[in-house]
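Structure, as structure tokens:
Any read-out appearing in this document is the output of simple, stated calculations on the displayed coordinates, not a laboratory observation. This is a predicted model, so every value here is computed, not measured. Here the Cβ positions follow ideal geometry from the backbone for every residue, glycine too, while neighbour counts run over all protein chains shown.
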Amino acid sequence: MPADTNANGDIFGGWLLSQMDVGGGVFASKLAKSRTVTVAIDAMNFRKAVYVGDLVSVHANLVRVGRTSITVHLEAWVLRRREQQSILVTDGNFTYVSIDDQGRPQPIQRDGATIST
Ligand SMILES: CC(C)(COP(=O)(O)OP(=O)(O)OC[C@H]1O[C@@H](n2cnc3c(N)ncnc32)[C@H](O)[C@@H]1OP(=O)(O)O)[C@@H](O)C(=O)NCCC(=O)NCCS
């Protein structure tokens with residue numbers, strides 16, 4: 001949307017990052033079956049600009065489950081108006097920590113089984 005643009009008139013990178021963080025947080029919380037917080041964002045690549053009117057999708061792939069943390073590789077793809085094929089615009093590794101009601105890290109329950117996503 002136009003309200004999400006930077007001084008160049010393209011979509012602000014911080015907006016895109018926040019959408020990826022929200023998507024990754026949902027993924028991590030479902031996996032951990034708890035609240036999670038973002039502790040780190042690594043290896044971010046902003047490969048292409050995002051324009052007003054682009055349709056943005058965020059895809060998540062599990063990288064690692066630690067004792068209290070989950071690392072997810074997130075990719076943002078866009079479908080531009082009048083185009084048929086989505087392109088990869090941004091990717092990075094987001095790490096989330098499972099927290100208890102006091103906001104302290106808590107171990108991720110594995111249920112003795114493979115975690116499914
Ligand atoms: C996330 C938070 C609860 C972690 O608390 P902490 O006391 O530092 O916890 P720990 O040192 O035990 O680390 C917890 C896990 O995070 C991982 N971690 C900590 N810092 C990390 C980093 N920079 N990169 C990757 N993983 C990290 C640890 O390896 C550990 O994972 P593991 O248990 O799977 O091995 C605390 O730092 C916090 O509340 N941060 C603010 C979160 C927030 O507000 N996020 C939104 C920012 S806009």
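Remarks
- Residues of region 1-11 satisfying the condition of being touching a helix residue (DSSP H, G or I) at 6+ places or on another chain (Cβ under 6 Å) and outside any helix (DSSP H, G or I): I11
- Yes/no for G66 being over 22 Å from S18 (Cα atoms) and near the ligand (Cβ under 8 Å from one of its atoms): yes
- Some residue of region 55-67 being surrounded by 15 or more Cβ atoms within 10 Å (Cβ to Cβ) and polar (S, T, N, Q): no
- Test: residue in region 1-17 that is within 16 Å of the ligand (Cβ to nearest atom) and polar (S, T, N, Q): no
- Taken as a whole, the condition of being out of contact with any helix residue (DSSP H, G or I) (no Cβ under 7 Å at 6 or more places or on another chain) and surrounded by 14 or more Cβ atoms within 10 Å (Cβ to Cβ) applies to V89.
- Near pairs, Cβ below 9 angstrom, 6+ apart or cross-chain, from region 61-83 (in contact (Cβ under 8 Å) with a residue 60 or more places away in the chain and at negative phi) to any residue that is more than 16 Å from the ligand (Cβ to nearest atom) and assigned to a strand (DSSP E or B): A76/V56; A76/S57; A76/V58; A76/H59; A76/L88; A76/V89; A76/T90; A76/D91
- Complete set of residues in region 94-108 that are farther than 18 Å from G24 by Cα and either under 20 Å from the mean Cα position of the chain (by Cα) or within 8 Å of the ligand (Cβ to nearest atom) (or both): G103, R104, P107
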